[in-house]
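The next block holds one structure in the form of structure tokens; read it before the comments.
What follows draws every value from the coordinates through simple rules; no lab data is involved. Keep in mind that what you see is a predicted model, and the values were worked out from it rather than measured.
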Amino acid sequence: MRFSILLILFGSLGIIISGTSCQKNSLPVQSVTGTVTYKGNPVDEAVITFVARSSDKHGAAAITTLTGSYVMTTPGAATNGVEIGDYDVFVTKLVIVDKAGNPISKGTGNNSVIEGPAQAAEYPTEKSLIPEKYNNPPKPLLNATVKKGKNVFNFNLED
């Protein structure tokens, strides 16, 4: 289930946070911003994750705004940004759906807000609102190379 993947992702970020909290002032990061669109439309409340290709780098994550924009944050860094290096990029936007497959929540994972009388426990099914191929760790479709200075990565997702 995709929710399990999100729990693993957020759990991993929690480990990164606890493991790097003492390095707050020593972790150099560069500004990383951009937008996520799907079929030309902004994707709000999507989780975007940068997974370092090098074991000596830290991962980073963000949640997109209503306009699809994001600002990456690396746990343990004193400012927003990402360390210089190469990253695989994953994007996901999940909602909780009813038995008929109709969305009953707004948001992604733990940020979901149930709309209407339904309870999440009654409908544990999730649905991806963007193609799941953009959140496939064995075969990443997106990547980014963070360089010194300001970095802007716009991801235009298609079917």
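Among the listed pairs LYS57/LYS147; LYS93/LYS133; LYS93/LYS148; LYS39/LYS99; LYS39/LYS133; LYS99/LYS133, which are separated by more than 19 Å between their Cα atoms?
On the way: LYS57/LYS147 13 Å; LYS93/LYS133 12 Å; LYS93/LYS148 29 Å; LYS39/LYS99 27 Å; LYS39/LYS133 15 Å; LYS99/LYS133 24 Å.
Correct reply: LYS93/LYS148; LYS39/LYS99; LYS99/LYS133.
Would you compute, for the Cα atoms of region 26-69, the largest minus smallest coordinate along each principal axis and list the three values in descending order, in whole Å?
So the three principal-axis extents are 36, 18, 14 Å.
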